[in-house]
Each structure stands twice: as C-alpha cells, then as structure tokens.
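Have a look at the structure below, then the notes.
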Amino acid sequence: MDKFVKVHFLGAAGVVTGSKFLLETSEQNILIDCGMFQGLKELRMLNWTNLPVDVKAIDVVLLTHGHLDHVGYLPRLLKQGFKGRIVGTAPTLAIAEIILRDSAKIHEEDAKEANKENYTKHKPALPFYTKVDAEKTIVLFKAEKPDNWIALTKNISYRFQYNGHIIGATFIELDIFGKRFVFSGDIGRVNDYLLEKPKKPELADYLFIESTYGNKLHPVENIEEILSEIIKETIHKKGNLIIPSFAVERLQTLMYLLWELYKKNKIPNIPIFIDSPMGNNVLEVFKRFPEWHKLSMEDYNAMCEHVNIIESYKDTWKTIDDKRSKIIIAGSGMVTGGRVLTYLQQLIDESSTTVLLVGYQAEGTRGRQLKEGAHEIRFRGKYYPVKAEIKCIDSLSAHGDQNDLLDWMSAIKNVPENVFLIHGEPNAADAFRVKIKDTYHWHVTIPKLTDVEKLVL
C-alpha cells in the first residue's frame with residue numbers, strides 16, 4: 001500500500017479555538033485534540049455540525065492539554081461514531097474529566113433555562129451534550145507518561161513533551177514513515193508563577209505551531225504592584241473586585257499571587273471568594289500531581305486556607321449580599337458563562353465595582369466586548385448596563401508571546417519542510433508568518449478551516 005499523510009484542518013485554523021487536526025495516513029487515522037469553537041456566533045454554530053470526515057475511521061485521539069477548546073468536542077465525536085482511545089498525560093485527562101463534566105452540566109442547565117424563560121428559537125432547546133455523554137467519553141481515556149516514544153503501528157509512534165501553559169500540557173511529536181510531525185498545542189511562558197518553562201522540539205519536518213500572540217509581546221508589568229493598587233482602590237470605593245477567571249491555571253495563579261501579596265503586607269486582609277466549582281476540582285489536580293508544578297505543598301495549603309471556597313449556589317447569593325469590600329474570582333475567563341454572570345448581573349451596573357480581565361479574550365466573547373469598552377452586555381436574554389470600571393492585566397496570560405514562540409522553535413536543528421500556523425486570528429498569524437520568515441527563513445503556510453493538505457513523504 002502507498003504511504004501517505006493527509007492533514008485535515010478541522011478547527012483552530014484561521015481562528016484561535018476549536019482545535020482539531022486529523023492526520024489521515026495509510027496505517028492509522030490520528031486526531032490531535034478535539035475542542036469546541038468559542039467566541040463568535042458563526043463559529044459556535046459550527047459546533048453543531050458533524051465533522052466533514054469519516055469519524056468512525058479515526059483510531060485514536062491524542063490530547064495536548066485539557067482546555068475546553070482542545071477537549072470540549074469529544075462527546076460529540078462519540079455521537080458521530082468514534083470508538084477509539086483518547087490519550088493524554090494523567091493531569092491532562094484529570095483536567096479533561098473535570099471540564100467535560102462541568103461543561104455537560106452547564107449545557108443541560110442552559111437548555112433547561114432557555115426552555116423555561118423561552119429565549120430560544122429551538123423548540124425545545126437541547127443540550128450540546130449531556131452528563132451521560134460526558135461519562136461515556138471519560139471511559140475511553142488512557143494516560144501515558146511524557147518523554148516516552150509510544151508505537152501506534154509499525155511506522156507511526158508519538159510522544160508527549162512538557163509544555164508549560166497549564167498543568168499536564170504537552171506538545172506532541174509524531175514519527176510517521178520517518179518524518180517528524182510536531183504539534184505545539186498551547187505553548188506556556190518561560191517565567192510562569194506555577195509551572196516550569198516549556199521543553200523545546202529538536203526536529204520538525206512538519207511543524208504545526210500556535211500563533212495566539214503571534215503579533216504581540218506581553219507588556220512588561222509589575223503585576224504585584226498593579227494588583228495591589230486595584231485592590232486598594234476597590235477598598236477605598238467600598239466596592240467589589242470581580243475577576244472572571246479560567247478555572248484551570250489562571251485561578252490557581254491568582255490565588256498564589258493574592259496570597260503572596262498578603263504575605264508581603266502589600267494588601268490588607270480583604271475577603272477573597274473563589275466561586276468556581278470547576279476551579280476547586282482543579283486545585284485537587286495540583287495536589288495529586290506535585291511533580292507537574294513548582295508550588296510546594298506548604299504554599300499550596302497556605303493559599304487554599306487564605307481564601308473562601310464557595311461550595312453552593314446559595315453561598316453565591318450570600319456573597320453578593322455581603323456588604324464588605326471583597327475580591328470575587330469566578331468562572332468563566334472570557335465571561336462566556338458560569339458563575340461570574342450571576343455576579344455581573346447584580347454588580348456590573350454599580351460604579352464601585354471593578355471588573356479585572358486577566359487573559360486572552362477571544363473575538364465575539366463578552367470579555368472582548370468589555371475590554372473594548374461596551375456600554376452594555378447581553379446575557380440570559382437581557383441587556384445589563386456597564387457602569388463598573390473595566391481593567392485588564394494582559395501579562396497574566398498562560399500563552400507565550402511572539403518572543404516565547406520564536407524561542408520555543410530555536411532548538412530545531414533541521415529546516416522544516418513546512419510550518420503551519422494554527423490557533424490564531426488572521427492578523428496575529430500573518431504577523432507571525434513574516435517574523436518566522438525573517439528570523440529562520442522557513443516556508444510558512446496559514447491554513448484555513450476545512451483545508452486538507454496532502455504531504456509528500
């Protein structure tokens with residue numbers, strides 16, 4: 001049989017989210033990541049469309065990490081006939097479990113709410129997937145250790161390599177018929193508060209690299225100083241500081257920073273409420289896998305004891321009714337759903353409220369609207385006026401910036417036959433394309449959604 005590799009760009013091509021790359025080969029079909037689209041409505045609608053490939057013929061899914069835009073489509077893959085294994089590192093699968101269960105719960109609740117309040121065009125509104133679908137997916141999980149080459153067939157093997165970004169995250173190297181394919185996943189920061197710096201690939205015939213911040217450098221900011229100033233202002237205004245946060249990594253980083261600020265006497269002992277059931281579960285993953293992060297157990301325990309973990313929705317309302325100045329950290333990070341909406345519903349129209357955005361805000365999300373100065377935001381079928389002060393700390397992103405990405409590629413000894421820029425909005429990808437050509441003189445391609453590339457071996 002003739003050897004061949006076809007790459008299907010099923011997501012995160014020309015856009016940041018929805019990561020899905022199918023390697024169709026003459027020996028096995030491998031899907032790298034299986035994420036949901038987020039952000040613009042036209043992208044979110046794509047989630048409801050079946051993939052334009054034979055899903056039953058996919059043998060294995062390899063996951064770079066556990067974020068929703070890398071794992072959130074898995075239950076739909078099963079509905080379309082997938083029966084293979086889903087492989088990742090142990091912490092990645094632990095995170096994916098939490099995210100799929102939480103996501104299924106939210107899908108069910110949203111559908112129920114939409115039907116009850118009648119703000120849906122669909123009769124009835126259906127959940128994207130259910131808790132039962134999530135459990136069927138989790139059964140297929142198989143953990144593998146990083147750094148080991150694992151054979152899939154006679155001519156195809158792969159390995160996971162540590163990549164920072166979030167706990168468990170890796171880039172994936174595949175040897176296919178003697179050619180090295182490298183999928184970067186999301187590349188972490190060199191100086192991260194909680195994680196070691198990413199490892200670097202040393203060979204790549206075909207490189208698939210993220211370009212989320214391909215056109216940007218993270219600002220050099222004194223995060224501790226900025227954060228302590230915002231907190232002091234909040235206390236002075238007798239208001240609330242609301243931080244929409246990703247449950248994985250960002251929430252734990254914020255907890256660590258706030259604990260450090262208090263320990264150094266840079267902020268007073270202001271009450272801190274963590275309202276993210278998913279974030280609480282992720283804290284347990286940090287406890288289970290200490291070898292994957294830099295936190296000592298002593299610091300971990302101290303920072304957990306320093307905050308109030310909200311267990312129930314009843315406690316959410318108690319926190320809203322609490323008249324003290326306080327810090328509320330709640331999901332989701334791009335204000336697309338979750339508990340943060342309940343706080344914003346009650347507090348965004350008060351000038352004493354500050355909303356602090358601390359990470360990438362994808363196009364079409366409420367977080368991006370707030371960042372760009374929207375005078376009102378819409379959710380749960382209603383508009384809410386924005387009278388709160390909106391602030392941003394861009395340098396807390398878990399993604400590497402342009403310099404980090406270029407540095408990550410610097411150890412590659414050979415000249416890649418092609419570099420594919422994925423996970424980026426068009427401007428970011430194009431600026432990064434030019435930078436790679438100027439820096440390394442490599443051939444660079446920017447694929448579009450549903451493109452298929454047949455590679456010469």
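Tabulated values for the structure
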quantity	calculated
Residue in the stretch 335-343 that is over 23 Å from LYS105 (Cα atoms), outside any loop (DSSP other than H, G, I, E, B), without any contact (Cβ under 8 Å) to a residue 60 or more places away in the chain and not β-branched (Val, Ile, Thr) present	no
Tally of residues being open to solvent by 60 Å² or more (accessible area, probe 1.4 Å) and β-branched (Val, Ile, Thr) across the stretch 435-445	1
Some residue of the stretch 446-453 being at pLDDT 95 or above and crowded, with 17+ Cβ neighbours inside 10 Å	yes
Within the stretch 366-378, tally of residues that are touching a residue at least 40 places away in the same chain (Cβ under 8 Å) and touching a Lys or Arg at 6+ places or on another chain (Cβ under 9 Å)	1
Some residue of the stretch 375-386 being in a strand (DSSP E or B), over 30 Å from GLN345 (Cβ atoms), at pLDDT 95 or above and hydrophobic (A, V, I, L, M, F, W, C)	no
Inter-residue pairs, beta-carbon under 7 Å, first closer than 18 Å to ASN115 by Cα and open to solvent by less than 40 Å² (accessible area, probe 1.4 Å) and in the stretch 126-139, second modelled with pLDDT of 95 or more and assigned to a loop (DSSP other than H, G, I, E, B), 6+ apart	PHE128/ASN47
Options ALA143, ALA125; residue that is within 23 Å of GLY331 (Cβ to Cβ) and not β-branched (Val, Ile, Thr)	ALA125
Selected residue (criterion: nearest to THR25 (Cα to Cα)) from residues of the stretch 61-103 that are hydroxyl-bearing (Ser, Thr, Tyr) and in a helix (DSSP H, G or I)	THR92
Exclusive hit being of a type in the set (Val, Ile, Thr), in a helix (DSSP H, G or I), more than 30 Å from LYS179 (Cβ to Cβ) and more than 17 Å from the chain's Cα centre (by Cα), set ILE230, ILE242	ILE230
Scan of the stretch 289-298 for residues that are surrounded by 12 or more Cβ atoms within 10 Å (Cβ to Cβ) and either part of a helix (DSSP H, G or I) or without any contact (Cβ under 8 Å) to a residue 24 or more places away in the chain (or both), ordered by number	PRO290, TRP292
Residue under evaluation LEU283, criteria (1) over 22 Å from ILE390 (Cα atoms); (2) assigned to a helix (DSSP H, G or I); (3) out of contact with any Cys (no Cβ under 8 Å at 6 or more places or on another chain), criterion not met	(3)
Filter pass, VAL60 being over 22 Å from GLY214 (Cβ atoms), in contact with a Gly (Cβ under 6 Å, 6 or more places away or on another chain) and open to solvent by less than 10 Å² (accessible area, probe 1.4 Å)	yes
Looking only at the stretch 387-404, and only at residues there that are among the acidic types (Asp, Glu) and either open to solvent by less than 60 Å² (accessible area, probe 1.4 Å) or under 20 Å from LEU43 (Cα atoms) (or both), the one that is modelled with the lowest pLDDT	ASP394
The one condition in (1) surrounded by fewer than 17 Cβ atoms within 10 Å (Cβ to Cβ); (2) touching a residue at least 24 places away in the same chain (Cβ under 8 Å); (3) closer than 27 Å to LEU344 by Cα; (4) out of contact with any Phe, Trp or Tyr (no Cβ under 7 Å at 6 or more places or on another chain) that HIS306 fails to fulfil	(4)
Leading residue by the ranking (farthest from the chain's Cα centre (by Cα)) among those in the stretch 84-103 that are modelled with pLDDT of 95 or more and among the small types (Gly, Ala, Ser)	GLY84
Cβ-Cβ under 9 Å pairs, at least 6 apart or on other chains, the stretch 39-51 side over 12 Å from ALA362 (Cβ atoms) and touching a residue at least 60 places away in the same chain (Cβ under 8 Å), far side in a helix (DSSP H, G or I) and not polar (S, T, N, Q)	ASN47/ARG76; TRP48/ARG76
Qualifying residue in the stretch 244-267 (condition: at positive phi and open to solvent by less than 20 Å² (accessible area, probe 1.4 Å))	yes
Given (1) crowded, with 19+ Cβ neighbours inside 10 Å; (2) of a type in the set (S, T, N, Q); (3) in contact with a helix residue (DSSP H, G or I) (Cβ under 7 Å, 6 or more places away or on another chain), index of the condition ASN281 fails	(1)
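The values are calculated or read from the model by the stated rules, or taken from the named source; none is laboratory data. Note that the structure is a prediction, hence the values are computed from the model and not measured. For neighbour counting, all protein chains shown are included, and Cβ atoms are generated from backbone atoms with ideal geometry for every residue, glycine included. We work out accessible area using only protein heavy atoms, side chains counted, and drop any ligands, DNA or RNA first. Shrake-Rupley method; radii C 1.70, N 1.55, O 1.52, S 1.80 Å.
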